[in-house]
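Structure first, then comments.
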Amino acid sequence: MKASVSDMGLRKDFKDVCVVNDACEIEYVHVFNPDFFGFKPDEVIGKSFLQIYANLDEANSTFVRAIHGGERFVNYVQVLENNEGRAVKQTEDIYLIRSGEKIIGAVEFADYDEEKDLVAPKRDGQIENLLNDDYATAENMIGECEAVAELKKKIQKIKDADSPVLIMGETGTGKELTAHIIHNSSARRKNPYVYVNCSALPENLLEGILFGIKKGSFTDAEEKTGLFQMAEKGTLFLDEVDSMPLGIQSKILRAIEEKCIRPIGGTQEIYLDVRIIASCNKQMNELLKSRSLRNDLLFRLSVIQFSLPPLRERKSDILQIADYYRKKYNQIYKKKITGFTKELQHHMLHYAWPGNVRELKNMMEGMYPVMKDNVIGEEHMRQRWLGTEMETSRPSEMHQEAVAFLAAGKKLKDYLEDYERQRMAEAWQESGEDYQAAAKILGISPQLMRYKMKKYFF
């Protein structure tokens, strides 16, 4: 079922774009300056717009009023305040997305004043550098294991290169942060860094969002600058690039090869100077087998390759990363938690961390608001852990199961898929069949949760 966006008078002077479904859950968001708003795009996909901003409710949210009340907003001024106390005044246009006569969502185009309208709490300088992607550098990467040391060296080696980069790694391993560090280490660091989550882009809007729209290309269409043009002289990061439709992939390939694009409805090529960084959750051999990414595009993107290790292979870094988030959330929640008990440290070192660093971050964040003690112990983290997997006996049980599975002549890939299917089902039941809650339990993104549930059950 295709949605119609023919009633949009698309703006050309906006900085940000946000697309929500009819429940006001964010399906796609592009933020020109994530630090300005206090969140990264991949952190809010699948969340209700009302969860992001503390001062919004059903009565004053322009999205709710547009979708459910039929109100129209053009050049509307609204003040938004997030949960960290940041406030910004923005000017926005909101247009409805329809499927036939049914309203299935809305898209917002917004502009704002970075210098005058933001009210933000100040942080300690050292911590600020770690929390703010604008200051993300290889030197500030958390971790001292061999894999991270090699990653830092490689980033330094390629800082003067301008070739496409492909970052591979499991969900939650830090692919977006690595991309931002590569950008900040390059000669393009003073120019735009544009992030786009390809798995969250509505297919019917995808081409226009990436390449732009010329006025008159469809009914009431106005000029719209695409993300490629927004990244001129800078870097465009295509997160989960293998989730894009194959037809769009061919246009991405042409844009890289020819260094030009053609907006929807355009008759002339627009030549651009953009560095492309892409990411996938699969490794090279998996990408070749799955054919989710065109081989010609895969080979073009992978001129420079990075393979990020999962957290379970970085055991020497686990406690250091946990301590970083302890300091971060001490600041945010104004607490004075001093560390972790030895028992909890033991469990953290023996846990498999299927959601990687993102899972560790989410567990710390979820535990902090109700934390009253000065030391984090096993009793505080147990309720945040995945079932009984906190017990150190779990890895040995899994090992025994795997040995028996392989002894029966079955493949390791099938065993891992069976285990993943089981954990997805458990999280789905535990969450009350809620995508967002289930994703939080597993430490993965809501869009990945939806993909996996469709893969195994729907």
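The values are calculated or read from the model by the stated rules, or taken from the named source; none is laboratory data. Computed from a predicted structure; not experimentally measured. Reconstructed Cβ throughout: ideal geometry from the backbone, glycine too, with neighbour counts over all protein chains shown.
State which residue pairs qualify: first residue assigned to a strand (DSSP E or B) and inside the stretch 366-380, second residue small (Gly, Ala, Ser) in any location, beta carbons under 9 Å apart, and separation of 6 or more residues or different chains.
Partner pairs satisfying both residue conditions: Val375/Gly339; Ile376/Ala322; Ile376/Gly339.
Being surrounded by fewer than 14 Cβ atoms within 10 Å (Cβ to Cβ), out of contact with any Asp or Glu (no Cβ under 7 Å at 6 or more places or on another chain), at pLDDT 60 or above and on the phi > 0 side of the Ramachandran plot: is that true of Glu417 here? Quick ask: steps written out before the conclusion?
Details: surrounded by fewer than 14 Cβ atoms within 10 Å (Cβ to Cβ): yes; out of contact with any Asp or Glu (no Cβ under 7 Å at 6 or more places or on another chain): yes; at pLDDT 60 or above: yes; on the phi > 0 side of the Ramachandran plot: no.
When the stated conditions are applied, Glu417 does not pass them.
Assess whether Leu236 counts as being more than 22 Å from Arg358 (Cα to Cα) and at pLDDT 90 or above. Step through it out loud before you land on a result.
On the way: more than 22 Å from Arg358 (Cα to Cα): yes; at pLDDT 90 or above: yes.
So Leu236 fits the description; yes.
Here are Ile337, Ile277: which of them is modelled with pLDDT of 95 or more, among the β-branched types (Val, Ile, Thr) and not in a helix (DSSP H, G or I)? Don't jump to the end; show me each part of the working.
On the way: Ile337 fails: modelled with pLDDT of 95 or more.
Result: Ile277 is the single residue among Ile337, Ile277 that is modelled with pLDDT of 95 or more, among the β-branched types (Val, Ile, Thr) and not in a helix (DSSP H, G or I).
Can you pull out every residue in the stretch 295-309 that is surrounded by fewer than 18 Cβ atoms within 10 Å (Cβ to Cβ) and either free of Cβ contacts under 8 Å to residues at least 40 places away in the same chain or part of a loop (DSSP other than H, G, I, E, B) (or both)?
Listed by number, the residues that qualify are Asn295, Phe299, Val303.
Tell me, yes or no, whether the stretch 310-318 has at least one residue that is crowded, with 19+ Cβ neighbours inside 10 Å, within 30 Å of Lys361 (Cα to Cα) and either aromatic (Phe, Trp, Tyr) or within 19 Å of the chain's Cα centre (by Cα) (or both). Lay out the reasoning, then the answer.
Looking only at the stretch 310-318, we keep the residues that are crowded, with 19+ Cβ neighbours inside 10 Å, and these are 311, 314, 317-318.
So of that shortlist, the ones also within 30 Å of Lys361 (Cα to Cα) come out as 311, 314, 317-318.
Adding the requirement that they be either aromatic (Phe, Trp, Tyr) or within 19 Å of the chain's Cα centre (by Cα) (or both) leaves 311.
The answer is yes, given that some residue of the stretch 310-318 is crowded, with 19+ Cβ neighbours inside 10 Å, within 30 Å of Lys361 (Cα to Cα) and either aromatic (Phe, Trp, Tyr) or within 19 Å of the chain's Cα centre (by Cα) (or both).
Within the stretch 177-204, which residues are modelled with pLDDT under 90 and of a type in the set (D, E, K, R)?
Arg189, Lys190, Glu203
Take residues that are modelled with pLDDT under 80 and of a type outside the set (D, E, K, R) and tell me which of the strands (runs of 3 or more DSSP E) falling wholly in the stretch 59-156 contain 2 or more. First the steps, then the outcome.
On the way: elements: 73-81, 87-99, 102-112.
Result: 73-81, 87-99.
Would you check if Glu433 is modelled with pLDDT of 75 or more, among the charged types (D, E, K, R) and assigned to a loop (DSSP other than H, G, I, E, B)? Even if it seems obvious, please write down each step before you answer.
Values: modelled with pLDDT of 75 or more: yes; among the charged types (D, E, K, R): yes; assigned to a loop (DSSP other than H, G, I, E, B): yes.
Against the criterion (modelled with pLDDT of 75 or more, among the charged types (D, E, K, R) and assigned to a loop (DSSP other than H, G, I, E, B)), Glu433 qualifies.
So, of the residues in the stretch 31-58 that are under 17 Å from Tyr193 (Cα atoms) and assigned to a helix (DSSP H, G or I), which turns out to be modelled with the highest pLDDT?
Just the residues of the stretch 31-58 that are under 17 Å from Tyr193 (Cα atoms), to begin with: 31-42.
From what is left, the residues that are assigned to a helix (DSSP H, G or I) are 34-37, 41-42.
Working: Pro34: 65, Asp35: 60, Phe36: 57, Phe37: 60, Pro41: 72, Asp42: 75.
Checking each candidate, the answer is Asp42.
Pairs only if they're at least six apart or on different chains, beta carbon under 7 angstrom, first in the stretch 424-450 and closer than 15 Å to Gln51 by Cβ, second at pLDDT below 80 and polar (S, T, N, Q); list them, first residue then second.
Ala437/Ser431; Ala439/Ser445; Pro446/Gln436
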